[in-house]
Structure formats: C-alpha cells, structure tokens
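Structure first, then comments.
None of the figures in this text is laboratory data; all of them are computed from the coordinates on show. The model shown is predicted, which means the values in this text are computed figures rather than measured ones. Positions of Cβ are generated from backbone atoms using ideal geometry, with glycine treated the same way; all protein chains shown enter the neighbour counts.
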Amino acid sequence: MLIREALEGLMAPEVATALLFDALAQTGEPPRSLHEARSFVSGPLTSVMSRRVRPDDVTSILRLMHGAIDAAIDRDGVDVDVEIDSLASASGEGSTETQQMSTIARPVPVVVLAASASFSERLGLCLGEDRVYCSTVATAAALRKALFAQFPMLVVIDASSVGEVDADSVAEVVRGFPDGVVPVLWAGETPWGERLLSLAPRTASARNVVTLDRKEGIEPLCDLVLSRFRGA
C-alpha cells in the first residue's frame, strides 16, 4: 500500500503499475514486510525507475517512499505485512472492443497459460486482489478445463513462458473459446507467439486474439483488466 501510494502520488496509475510489474520481475518474491519493502524500493524499483523516469523525479519518489516506510516502521516497531495497493482505473476512451465488453463489480477472473505462476502472481500484486483474480494453467488441456470451471473474462497466453506446450493444441482451444472470453497473447513477437497467431487468425470465423509485444510494457494488459472492473 505504501509503495503504490507513493508512486501514484507522482505519476499516472498505469505507469506506476508498469514500474511495479517490471521491478517484481527482478525479484524471487514480492516484499512481505516493511523492511523488505524498503530493500525492494532501494533495489529493483530504483533500477527500473532509473530507466524510465527523470532523475529528479526518481529522487522525489524515493524520498517519499523511504519516508513513508520508515515512519511506518517507527510507528509499529515491528515488521508488518505489506501489500501493493490496488490500482484505480483511469477514465478515458478505450478501444472499441474494450467498450463493448461487460464489466463486473468483483475481481476480474483471469487465467494465465504459462509454465510457471510468476506472471500471474506479478499481475495480481500490481493490480490488487480486490480488482483481479489470477490463476495459472500449464497445458492446453488445463486451459480448456479452466474455461468452464473458472469462467474467466480474459485468458493471457504467455508466449515467453510456455514450456513444452504445443501451439497447435492451444490454437484449437482458442478457436473454441466461449463468447465473452478474450484471448490475450503476451510476447506475440516470439516465434511461438507468431506460430499461434498463424493458427488462430484474425478472421470473422475465429476469435480475435489481442496481441501484446513485451516492448509495449504491461500497461495495455492492465487497461484490459481494469476496463472490465467497475467496483462495488
């Protein structure tokens, strides 16, 4: 909560989320206490900000976050759990597809197809458990089962971490997605991602795949999730 409040005090929510997502990618696990949060800010988060934020702004952000964390440590006297607070949805025009999608007043269910739970965990931490519920499947068969067991609104296929999963089998599942489920291909620029797109083309007879390149950052995916959440 302290980390997100500090970041959102000086930058747009979508930028704050992107910085957190990239910083968490450098750590084995998220900070679990105030002291770990301070180390996270001084290390991975500072490293990411130095590449994307002006030096003067980095200094201001670090001063604010360190001050807030130190004050919390002094006040409590012990380590306490630290959560990365939920992201407030930004207003504005979205894509045509986004505007046509239904919204819900509970966490948006998202299924991630990947070899590990890392992507799913980072997405959940950055957006907040009150806004998104992420789960991970590792096979095409498990993905097919999750579609009807979890009723996700979004399915993220992480083409950078698919292990031994065959693109042909995933494409077959994508072509049979129920109405209202949007497939999102992360790392679509990879050979595996290009293979999947060639098997599940953007045609009227096949479900459209939202393709995201890693160089675009996580912001477009966060926008897709938040556009489906309207709050309580």
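Can you list residues from other chains, or at least 5 along the same chain, whose modelled amide H is less than 5 Å from the amide H of V108?
Residues meeting the criterion, in which the H sits 1.01 Å from N, are V132, Y133.
In nm, what is the difference between 0.36 nm times the number of residues separating A71 and S50 and their Cα-Cα distance?
Values: separation 21, 0.36 × 21 = 7.56 nm, distance 2.45 nm.
So the extension gain works out to 5.1 nm.
Roughly how many debye, to the nearest 20, is the charge dipole of the stretch 96-226 about its Cα centre, given +1 on each Lys and Arg Cβ, -1 on each Asp and Glu Cβ, and no other charges? Each step should come with its number before you reach the end.
Values: 11 positive and 16 negative charges, 54 e Å.
Roughly 260 debye for the stretch 96-226.
Could you give each residue of the stretch 132-145 its phi-based ³J(HN,Hα) in whole Hz, using Karplus coefficients 6.51, -1.76, 1.60 with θ = phi - 60°, and x for Gly or Pro?
Ordered by residue, 3J(HN,Hα) equals 9, 10, 10, 9, 10, 10, 10, 9, 5, 5, 5, 5, 4, 5 Hz.
Hey, can you rank 37-47, 16-26 by average C-beta count inside 10 Å, highest first? Intermediate values should be presented prior to the final figure.
Details: 37-47: 19.1, 16-26: 21.4.
Those peptides, ordered most packed to least, come out 16-26, 37-47.
Using amide H atoms built 1.01 Å from N in the peptide plane, name the residues 5+ places from V182, or on other chains, whose amide H lies under 5 Å from its own.
The list, which skips near neighbours in sequence, is L154, V155.
Output ³J(HN,Hα) for the stretch 219-230: one whole-Hz value per residue in order, computed from phi by the Karplus curve 6.51 cos²θ - 1.76 cosθ + 1.60 with θ = phi - 60°, and x for Gly and Pro.
Working through the residues one at a time gives 4, x, 5, 4, 5, 4, 5, 5, 5, 9, 10, 10 Hz.
Where the Cα atoms of the stretch 96-226 are projected onto their three principal axes, how long is each span, largest first, in whole Å?
35, 31, 31
Taking the Cβ of I104 as the center, what net charge do the other residues with Cβ under 14 Å away carry, scoring Lys and Arg +1 and Asp and Glu -1? Could the numbers behind the result be given before it?
Working: positive: R106, R131, R228, R230; negative: D130.
That works out to +3.
So what's the convex hull volume per residue for the Cα atoms of the stretch 2-76, in Å³? Let's see the in-between values first.
On the way: hull volume 5.6 nm³, N = 75.
So the per-residue Cα hull volume is 75 Å³.
Residue-wise, which Karplus ³J(HN,Hα) couplings in Hz belong to the stretch 162-176, taking 6.51 cos²θ - 1.76 cosθ + 1.60, θ = phi - 60°, and x for glycine or proline?
For the stretch 162-176, the Karplus-derived couplings read 10, x, 9, 5, 7, 4, 4, 5, 5, 4, 5, 5, 4, 5, x Hz, x marking Gly and Pro.
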